[in-house]
Amino acid sequence: MSEDLRRAIGAITEPQLVRTLEELGFLGAVEDRDGLNVELVLPVVEWPNRAWLEDEIADVAPGARVSVRAMTDDERLELRNFLRGNMTAEPGPGHHHDTATPKFLDKLAKTRVLGISSGKGGVGKSSVTVNLAIALAQAGHQVGILDADVYGFSLPKMLGADHDPIVLGDTVIPTLAHGVRCISMGYFVPDEQPVIWRGPMLHKAIEQLVTEAWWDEPDFLLIDMPPGTGDVALTLSEILPRVEMYVVTTPQPAAQRVAQRSAYAARALKLSVRGVIENMSWFVGDDGQRYEIFGAGGGAKLANDLGIPLLGQIPLDPRLRSGGDLGDPVVVYEPESDVAHAFTELAATIQRQGPARVYRQELKLV
Ligand SMILES: Nc1ncnc2c1ncn2[C@@H]1O[C@H](COP(=O)(O)OP(=O)(O)O)[C@@H](O)[C@H]1O
Ligand SMILES: [Mg+2]
């Protein structure tokens, strides 16, 4: 009896780590003693999905008493090794296990890395990143966001994942909200403290967030890039050579010119610039009319100048702003709005477009 229940409870999938309780070592003793007693063994007692797991167990074993204890140091180490085991590629001969690169960085990995960039701040790059990521997750994909905009870490708040990630030794477990994993440098930098990033320090920090966070093998990893043409694009071109760049711009010509400069800088680094996303394209008034508050045509012109497609136009909607401020993303809370539909369509377009063809040095014939 309790063996069957043990199997059934052990088969529950933990949402954050997408592995079963049994695999993760989250299931302790299951005993029939004055009724069923189930012991949950979590990395920390305040594990984010604790209540959810307790509910799931209650569904599988109605009336069971669930007790929770924190893992011992040894158990946490075992979990860390298990997670790193499936995050690292086959170690080569003579290579220490931990020096292998994360699986998703492998040339043949399924992960598409989307760098979301803009020429200047305030065009809605972070808003686009968050809502696009959720739209991709809603379409059934595994999605992560890396907040690399070191000049303003706004993503955790916009996504509603404003709590600290859990750290297992040297492995950081991204936060999870609306089906999207998130890692931000903001999690590791005190709020009040302005950080002056020097090139090498920034490079190291981003490299660590990419390689030491447990990303699993997501279908999409979106990167919120700092505005402009700077160091981060260079860093990414080294760490994530397969990154596909997407440029966010607004409809007015001034924004379009700075966006163009950042696209050229990306191309100079041999990054593949895949498309333009125009944000704040128009506002629909109570009268049902479209008002082009920031002008028109900037996205199409930029796309044309760069010889790449304009992939989507996102309308202005105050609910997008308030959703961002409150951590209630508009694609989740206003799924029937035009702005949410624009993100769903954008996600579908990017999926249809498929990964960039990578030009491989070793295939060169001359
Ligand atoms: N389509 C939109 N409709 C309404 N407000 C928007 C829209 N896009 C962005 N905003 C708002 O504009 C501000 C800047 O957006 P943000 O995503 O932070 O830009 P960036 O990351 O490029 O600096 C935020 O307050 C955001 O809520
Ligand atoms: Mg931003």
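The values are calculated or read from the model by the stated rules, or taken from the named source; none is laboratory data. These numbers come from a predicted model, not from an experiment. Here the Cβ is made from the backbone with ideal geometry for all residues, glycine too, and neighbour counts use every protein chain on show. To get the accessible areas, we keep the full protein, side chains included, count just its heavy atoms, and leave off ligands, DNA and RNA. Shrake-Rupley method; radii C 1.70, N 1.55, O 1.52, S 1.80 Å.
Computed from the C-beta positions of ASP191 and SER67, the FRET efficiency with R₀ = 35 Å rounds to 0.45.
A cut-off of 5 Å between modelled amide H atoms, ignoring neighbours fewer than 5 places along the same chain, links GLU244 with VAL113, LEU114, GLY115. Net length available on complete extension from ASP164 to ARG7 is 53.3 nm, with 0.36 nm assigned per residue and the Cα-Cα distance removed. Of all DSSP-defined beta bridges confined to the chain, some 30% are antiparallel rather than parallel.
In order along region 269-286, the phi-based Karplus estimate (6.51 cos²θ - 1.76 cosθ + 1.60, θ = phi - 60°) of 3J(HN,Hα) comes to 8, 6, 7, 8, 9, 9, x, 10, 10, 9, 10, 6, 5, 7, 10, 9, x, 4 Hz; Gly and Pro are listed as x. Shown is the FRET efficiency for THR20 and LEU108, computed with R0 = 22 Å from the Cβ-Cβ distance and rounded to the nearest 0.05: 0.25.
The modelled label-to-label distance between SER322 and GLU54, using points 7 Å beyond Cα along the C-beta direction, is 3.3 nm.
Averaging the Cα positions of each part gives two centres, and for region 138-198 and region 298-319 these lie 27 Å apart. For region 242-366, a simple Cβ point-charge model (Lys and Arg +1, Asp and Glu -1, everything else neutral) yields a dipole of about 1100 debye relative to the Cα centre. Pairs exceeding a 30 Å alpha-carbon distance, out of LYS110/LYS270; LYS204/LYS301; LYS120/LYS270; LYS157/LYS270: LYS204/LYS301; LYS157/LYS270. Scaled against 2.2 N^0.38 Å for its residue count N, the alpha carbon radius of gyration of the chain is 1.08.
Of the solvent-accessible surface of the chain, computed with a 1.4 Å probe over protein heavy atoms with every protein chain present, carbon and sulfur atoms account for 52 percent. Rounded to two decimals, the Cα radius of gyration of region 2-82 over 2.2 N^0.38 Å is 1.01.
Per-residue extension of 0.36 nm, minus the Cα-Cα distance of PHE283 and ALA356, leaves a gain of 23.0 nm for this segment. Amide H contacts of GLN142 (H built 1.01 Å from N, in plane; Pro and chain starts excluded): ASP219, PHE220 sit under 5 Å, all sequence-distant by 5 or more or on other chains. Mind pulling the angle between the C-alpha long axis of helix 50-60 and the longest principal axis of the chain? Nearest 10 degrees, somewhere in 0 to 90. Roughly 60 degrees between the two axes. Compared with the dominant Cα axis of the chain, that is its longest principal axis, helix 73-85 is turned about 50°. Packing-based ranking of 211-217, 59-65, 174-180, 265-271 yields 174-180, 211-217, 265-271, 59-65, ordered from highest to lowest mean Cβ neighbour count within 10 Å.
Rg/Rh for region 120-254: what does it come to with C-alpha atoms and Rh from Kirkwood? Rg divided by Rh gives 0.94.
Nearest 5 is fine: what % of DSSP beta bridges in region 143-189 come out antiparallel, could you say? Bridges in region 143-189 are about 55 percent antiparallel.
Taking Cα atoms only, the orientation of helix 253-268 departs from the longest principal axis of the chain by about 60 degrees.
When peptides 246-258, 40-52 are ranked by their average number of other Cβ atoms within 10 Å per residue, the highest-first order is 246-258, 40-52. Report the local net charge at GLU278: Lys and Arg +1, Asp and Glu -1, summed over other residues whose C-beta lies under 15 Å from its C-beta. So the surrounding residues net to +1.
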